[in-house]
1. Contact order normalised by length for segment 22-147, with contacts defined as Cα pairs under 8 Å and 6 or more residues apart; what percent is it?
2. Structure shown: which of LYS34/LYS73; LYS39/LYS115; LYS39/LYS73 lie over 23 Å apart, alpha-carbon to alpha-carbon?
3. Which angle from 0 to 90°, rounded to the nearest 10, does the C-alpha axis of helix 143-152 make with the longest principal axis of the chain?
4. In the chain, once you exclude exposed chymotrypsin sites (Phe, Trp or Tyr not before Pro) (DSSP loop, at most 13 other Cβ within 10 angstrom), what's the longest stretch remaining?
5. Can you tell me which lysines have their Cα less than 25 Å from the Cα of LYS122? Leave out same-chain residues fewer than eight positions away.
6. To check my understanding: the extent here is largest minus smallest coordinate of the Cα atoms along each principal axis. What are those three numbers for segment 39-79, in Å, largest first?
7. Based on the Cβ-Cβ distance from LYS40 to ARG8, what FRET efficiency comes out when R0 is 41 Å, to the nearest 0.05?
8. Kirkwood hydrodynamic radius, segment 25-125, all distinct C-alpha pairs: what's the number in Å?
Amino acid sequence: MLNQLDERTKNYLQAIRNNLHFLGENGGECLSLKEILTKKGLIEKTAIKELWKDEGFNFTTILYQYTIDGVTKFCAEVWVQYDIDGVYTHTFIFSQRPNQEQVETIRLVSELETKFAINQLKPTFTCWECDQKSHWLDSGKNFEESYENLKESYCGC
C-alpha cells in the first residue's frame, strides 16, 4: 500500500507507527482477536485480558492484553457497524499498552493509507481558499490537523 506514496509521507507515517509501538493490523467481518488466535492455533495457549472498553455511536473499541511465548502484546479491537447486520472488525496490535488517543491515531493512519491507496486522496492538493499547491504535511500543526486539512483541501493559509 505504501509504495504509491511519496517518501516524505511514507517516512512520516512510519515514524508515527514506531512512536506508538505499532506491530500490525487485521481487518474484516467477524475477525476478532479470539478468531485470529484460534485460526493460528494459539487460543489454547493464550490468556486474554480485557483492559478497557469504549463505546461510541456506531463503534466499540476494546483493548486486550495477551501473551504468546513469553511476549506480551496489546490488541485494540475496533468494531464498526456499517449497516443493520454488518459489523467490520479492525484489530491493531501494539508492543506497548496504548491509550485511547493512540488507538485513534493509528486508526486514522490506517484510514489515510487506504484513501491514498485507492486514490481518494493524494499527498498534494490545491487549496480551495488561496489556490496554492500544498503538501498535506505542510497544512497543519500535527497529524490530526494535517489529515483534516487534507480532506478539506485547505493549506492552513
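1. Numbers: 183 pairs, mean separation 25.2, N = 126.
Relative contact order here is 20 percent.
2. Working: LYS34/LYS73 14 Å; LYS39/LYS115 29 Å; LYS39/LYS73 18 Å.
In this structure, LYS39/LYS115 lie more than 23 Å apart at Cα.
3. Here the helix axis deviates by roughly 60 degrees.
4. On the way: sites that count: PHE57, TYR82, TRP128.
So the longest stretch without any such site is 1-56.
5. Candidates past the 8-residue exclusion: LYS10, LYS133, LYS141, LYS151.
6. Dimensions of segment 39-79 along the principal axes of its Cα atoms: 36, 20, 11 Å.
7. Working: r = 36 Å, r/R0 = 0.87.
E between LYS40 and ARG8, to the nearest 0.05, is 0.70.
8. Working: mean 1/r = 0.0681 Å⁻¹.
Evaluated on segment 25-125, it is 14.7 Å.
No lab work stands behind these numbers, since they all come straight from the coordinates. All figures in this text were calculated on a predicted structure; none of them were measured in a lab. Positions of Cβ are backbone-derived with ideal geometry, glycine not excepted, and every protein chain shown enters the neighbour counts.
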